Each structure stands twice: as structure tokens, then as C-alpha cells.
């Protein structure tokens, strides 16, 4: 979704209970610094604007849930303050985090490619790599290398270490100045509704709204399915969500629709593992928060491989043991059931205006 954010896939209060406040603060400080480093590297080429992120609420249950996350970096905005920043229909309040930047992910990749090429790195596109044991098996040829890094995120055999979940997006046509006068968001902060079902949006540098969310079902045995990237039911739900936020956009043209899989570990935390004896590294599991996390992980891995002293190597996810997912069919039934229950919880909260009873069952199982 183009969020270069200081958010971590696991909520801060949950992480503190796992690893303590000091280690948690170290991680979030590293993420915050990483945003600025991305901006210094790419800047205008990727439409980089560090304007923060706004998580808005539209019912009292969402208000109650977000108020629990107020801390030094997340400030509460009243309904009128939130509406002045983003004119969402029925907004009740919002949580604002100043530590987030908006970027174009595609342009960021192109910027990285140009930089690597300028440094003399050879890149091989359209090359089918099928294994990374003792080298890289490419088009039936084994290429030896002193260091092999597997950074394929949702691709490859996950075993029980992560699952691929599809996140889908749509984008509007470029909106008029009149539309933006009605909507707000002159500074291009990222935004999302505080619902149980994941959603995320940004104002792009060419004045579209790009918005995404989850909802496509999990495939048995963690199989990837290209058809999931264009699940029309999910795309339609995302379009409807956007127009419910901003009624002025009813009738607007949606020009793009796409999707892709993100990798999610059982405890929602990323991993970075380096085996010096084998010369093999792997990293990933960003759960959709990958712009900043992938940069930070790659930076740490470079220090690990070169064995250079750096305090970032002490961050808790470095060389951690990955918690395994449940075996099939428990995994298939559990993941898809929890996704359906999350959608039901949102409907329950819209109707009752109270925290979902179902959420008391869901939250302990999701481990966020």
C-alpha cells in the first residue's frame, strides 16, 4: 500500500509483553530512523512524503479499541480534529502517528534497481530459480555462491513457517481539486479505518486514492493461486468501503485492480536468519508492513554477513526461532474461520456500537 511506516506487524503493547519495553522501544526507534533513511535515498523519485498515518474510527467500539493504543507516538484526535484532517463520513475520532511516509512502491523498486546497476550489480530478471540449497538452482543449472540469500517473501515452500495471504488493491482515477477539497488530506498522510479486517489507503502523487485490504481466502497447504490476485468480490468490497468513507466518490472511475500475497508467520513477527557456516541467509514474514521492515532487515543482514559491529544486530527478531503454524487441515480451517469471524465482528460492532463479543475469542488466537 506504499506505507513506509514505523508500525510493526505486532501491536506495541503485545510486543512489550513478549520482549519487554526496552527492546520494544529499540525496535520502534530503528523503524523510525529507517523511514528517514529511505527518504534520503529515494526522496522525490518515489513521491516520498513523511506526513504520518491516520487510523480513524466510525463506531464506539473502534474508539475504545484505538484509545488503548495511545502512547508517545500515537496521539488521539477528537471527531472534529479528525474530520478536519480527513472528511470521513461518520468519523468518531482518530489515532495519528507522525512516523509514516507515503511512497510509490513501484518507483521505489525502480530507484533501487538504478542504484544497484550504477554500482555494478548484475540483475537477472525472468530467471526461474527453484532451490537455494548449496547454491541457486536456475533453469536446471546450479550456480555456486559463497553467500545465498532467500528473500522471496510469500514465494517458495513455506512449510509451516509462514502462510501466504492475499492482499488486494484498487485505485481510482486522478481525483479533481474539488474532490480533494471535500476529502481533505492535503499533506498526503496514509489512512485506514480501525476495523478488524485489514485495510489501508494513500493519496498518490498523481492524486488518486489507492486502497487495499484483505478478504481473499487462504489456500489449503499454503498454495499460491494467481486467480486470488483478482478476486472480484474482494475488489468490489474495497471499492464499496472507499465510497462509504467518502460519499463524494460515488460514481468515480476505478482504473486499476490488482493483488498479491504477503507472508505471515504464526506470531506475526518477521524473521532474519543467517547461517555463517553454510553461507545461507533468509529473511521475510513482513505481514504487509514490508516497506520499512524489509529495508531494516536487509541493512541488518548486510552487517551480519560482513560481521560488522552494529547495535541493530541485537534487535530481537534477528536470528530468532520461527514459531510454526498448525498442521493442515487445522491451519486451513482456522485461518479461514478467523477471517470470516473478523468480518462478522465488524458488522456486529457497527450494529451494537460495542466491542465485539467474537473479538474476545479471535484476538487471543491471532497473536497480534
Taking r as the C-beta separation of residue 354 and residue 320 and R0 as 45 Å, the FRET efficiency to the nearest 0.05 is 0.75
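Pulled fully out, how much extra length does the chain show between residue 255 and residue 109, if you take 0.36 nm times their separation in residues and subtract their Cα-Cα distance? Please report the intermediate quantities before stating the final value.
Working: separation 146, 0.36 × 146 = 52.56 nm, distance 2.21 nm.
Net length gain for the segment: 50.4 nm.
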Output ordering of 26-38, 282-294, 250-262, 111-123 (per-residue mean of other Cβ within 10 Å, highest first) is 282-294, 26-38, 250-262, 111-123
For the chain, percent of DSSP beta bridges that are antiparallel (nearest 5) comes out at 85 percent
Kirkwood Rh for the stretch 251-304 from C-alpha pairs, in Å, is 13.3 Å
Tilt, helix 232-245 to longest principal axis of the chain (alpha-carbon atoms), in degrees rounded to tens, equals 50 degrees
Taking 143, 238, 183 and counting other beta carbon atoms within 10 angstrom, the fewest-first order is 143, 183, 238
Taking the stretch 88-197, the whole-percent share of alpha-carbon pairs separated by over 22 angstrom is 62 percent
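Go ahead and run the numbers for FRET between residue 307 and residue 128, Cβ-Cβ distance against an R0 of 30 Å, rounding to 0.05.
0.40
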Residue separation between residue 98 and residue 78 times 0.36 nm, minus their alpha-carbon distance, gives in nm 5.6 nm
Rounded to whole angstrom, the alpha-carbon centroid of the stretch 60-113 lies from that of the stretch 10-52 at a distance of 15 Å
Taking r as the C-beta separation of residue 244 and residue 330 and R0 as 25 Å, the FRET efficiency to the nearest 0.05 is 0.10
For 182, 13, ascending order of other Cβ atoms within 10 Å (fewest first) is 13, 182
Relative to the chain, whose Cα atoms define the longest principal axis, helix 105-118 and its Cα axis are tilted in degrees, nearest 10, by 30 degrees
Least to most buried among 150, 221, by other C-beta atoms within 10 Å and fewest first, runs 221, 150
If each part is reduced to its alpha-carbon centroid, the stretch 208-271 and the stretch 324-368 end up apart, in Å, by 18 Å
A student asked for the Cα radius of gyration and Dmax of the stretch 100-151 in angstrom ought to give 14.3, 43
Helix 290-306: inclination vs the chain longest Cα principal axis, degrees, rounded to 10, gives 20 degrees
In nanometres, the difference between 0.36 nm per residue of separation and the alpha-carbon distance of residue 340 and residue 226 is 38.9 nm
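Readers should treat all values here as calculations from the given coordinates under stated rules, not as data from a laboratory. Because the structure is a prediction, the values reported are computed rather than measured. Ideal geometry is used to build each Cβ from the backbone, glycine not excepted, and the neighbour counts take in all protein chains shown.
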